[in-house]
Amino acid sequence: MGYADWQANLTLNYKYENWLSYWRTRFVNDVSLYTDKDLALNANPSSNMQYDDYFISDVALGYQFDSGITLKFGIDNLFDKDLPYGSTGTSAGSAAYDNIGRFYYTSLNYSF
């Protein structure tokens, strides 16, 4: 499996008074499933030649209390984007993909 030529992250943070929020989108460019060496050995390995472009978005909303405690709720993989067909998200070439699916979380932090 090849590697994406382009990967990017876009993060937007917003804070108003004690409220905070963010939106993050991760992008992975289309990826060839076969290296040049693989194709030289077998010119027609499969009709599925590449993984398409992949976008995944995360969102969070939090509140920062005057006591130094911050409570935050978030959703990773907001739109529950599936892995590209045939990928596990665990090998070296596919580790850039989210293999968990939509994920909800809560965090509690204390700053002093």
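What follows draws every value from the coordinates through simple rules; no lab data is involved. Because the structure is a prediction, the values reported are computed rather than measured. Neighbour counts are summed over all protein chains in view; Cβ atoms, including those assigned to glycine, are modelled from backbone coordinates with ideal geometry.
Quick notes on this structure:
- The stretch between Tyr16 and Asp52, if pulled fully straight at 0.36 nm per residue, gains 9.2 nm over its current Cα-Cα span.
- Amide H partners (placed H, <5 Å) of Gln50, local residues excluded: Leu33
- Computed FRET value (nearest 0.05) for Asp38 with Lys81, which takes r as the C-beta separation and R₀ as 30 Å: 0.65
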